[in-house]
Amino acid sequence: MTKVQAPQGAAVHTTWTDTPTQTISVGGVAFAYRQLGPDTGVPVVFLTHLAAVLDNWDPRVVDGIAAKHRVITFDNRGVGASSGSTPTTIGEMARDAVTFIGALGLDRVDLFGFSMGGMIAQVIAQEEPQLVRRMILAGTGPAGGEGIDKVTRISLLDTARGLLTRQDPKQFLFFTRTPNGRRAGKEFLARLEERTNDRDKAISVGSFRAQLKAIHRWGQQQPADLASIHQPVLAINGDSDKMVPSNNTVDLAQRLPSSQLVIYPDAGHGGVFQFHADFVKRALEFL
C-alpha cells in the first residue's frame, strides 16, 4: 500500500478507484484514509460497517456524493491499514472518529454512517453536537434496538454459508435472496473490485471479534434519549434487513426530532448500495 502524508485540506481526486490512501497520525494512532471531491463546503465523513476497510465502500456512492461534496473515508483504529487496537465499544470508536476528524483540522462535518457506522454517528452527535451539521444513517438502529445483539450469530452463520457456497458473505448479509437481491449483490461485489491498485488490508480476525463485541454491547444497552440529537437526519434501510432488523431504522427515525425516512422495497441491509442511484440523488438533496 502506498501511503502519502496528507497535505492539509487537499481533496482534488475525482474518482474512488484512483484516490490515493493517505495517513495522518494523532494520539499514537496512524489513521489510513482517502478523500476526494471539491475542497469547499462542509465535508462528508463516511463511517463504515462491521469488518469493513476502505475498499468496502461502493464506488458509485462515493463518487456520486463526491461530485458535489468533499468525501472523507477512513479505517477505524486497528482496522485495515490504521494502527492501534480495535475498541470493543461503539463509544470508543466514536471518540476515535472525533480524534481523526480533529486531526484533519475540521470543526464541522456531515456524517454518513452505515450499519455500525450509523451507531458511531449517533454517539458523535450526542457527545460532540457542535461538530455535526447533518447525518445520513443507513442500515442502522438505536442502542438497545430489537435484534441488534444477534448480529454476531447472524454474521458467523452467513460467513460459514459463504465459505460453503464459495460466495462472499455480503451476498447473504446485505441482500435479499430474491432475483433482484441476488443480482444487486453480484453487481455490488463486482463494483468493489473496480479499484485494482493500492488496495487496503483486510480486517484481522481479532479486530473483527472486537467489533462484534462492540455491536453486541450496543444491542444490549439501555435505549438512549435520541431527543438530544437535533441535527437533520436522513434514515434509510431496506425492508428486509436481517442484520439490523428494519423496524430499528423506523424506530430511529420516529425518535429523532428532525428526520426523514426511506425504506427500499425488496432490499436488505445494503439497500443504499442496491438502490445507489436513488440513494445518491436523495443524499445530495438532503445535504
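Every number here is computed from the coordinates shown, using simple stated rules; none is lab data. Because the structure is predicted, anything quoted here is derived from the model rather than measured. Ideal geometry is used to build each Cβ from the backbone, glycine not excepted, and the neighbour counts take in all protein chains shown.
The table that follows gives values for the structure above.
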{"read-out": "Ratio Rg/Rh [Cα only; Rh per Kirkwood] for region 16-98", "value": "0.96"}
{"read-out": "Region 31-78 - convex hull of the alpha-carbon atoms, volume per residue in Å³", "value": "70 Å³"}
{"read-out": "Reciprocal mean inverse distance between Cα atoms of region 1-148 - Kirkwood radius, Å", "value": "15.2 Å"}
{"read-out": "At R0 = 30 Å, FRET efficiency that the Cβ-Cβ distance of Gln254 and Ser25 yields, to 0.05", "value": "0.15"}
{"read-out": "Relative contact order, percent, the chain [alpha-carbon distance under 8 Å, six or more residues apart]", "value": "21 percent"}
{"read-out": "Angstrom value of the Kirkwood radius, inverse mean 1/r, which spans all Cα pairs in region 97-141", "value": "10.4 Å"}
{"read-out": "Translational diffusion coefficient (Stokes-Einstein; Kirkwood radius from C-alpha pairs) of region 68-180 at 20 °C, 1.002 mPa s, in µm²/s", "value": "134 µm²/s"}
{"read-out": "Cubic angstrom per residue, convex hull over Cα atoms of the chain", "value": "111 Å³"}
{"read-out": "Taking only Cα atoms of region 203-287, radius of gyration then Dmax in Å", "value": "14.6, 39"}
{"read-out": "Entries in Lys201/Lys281; Lys186/Lys213; Lys186/Lys242; Lys150/Lys213; Lys201/Lys242 that, when Cα-Cα distance is taken, lie over 20 Å", "value": "Lys201/Lys281; Lys186/Lys213; Lys201/Lys242"}
{"read-out": "Trypsin sites (Lys or Arg not before Pro) within region 184-228, DSSP loop, no more than 16 other Cβ atoms inside 10 Å", "value": "Arg199, Lys201"}
{"read-out": "D (Stokes-Einstein, µm²/s), Kirkwood Cα radius, region 144-287, 1.306 mPa s at 10 °C", "value": "95 µm²/s"}
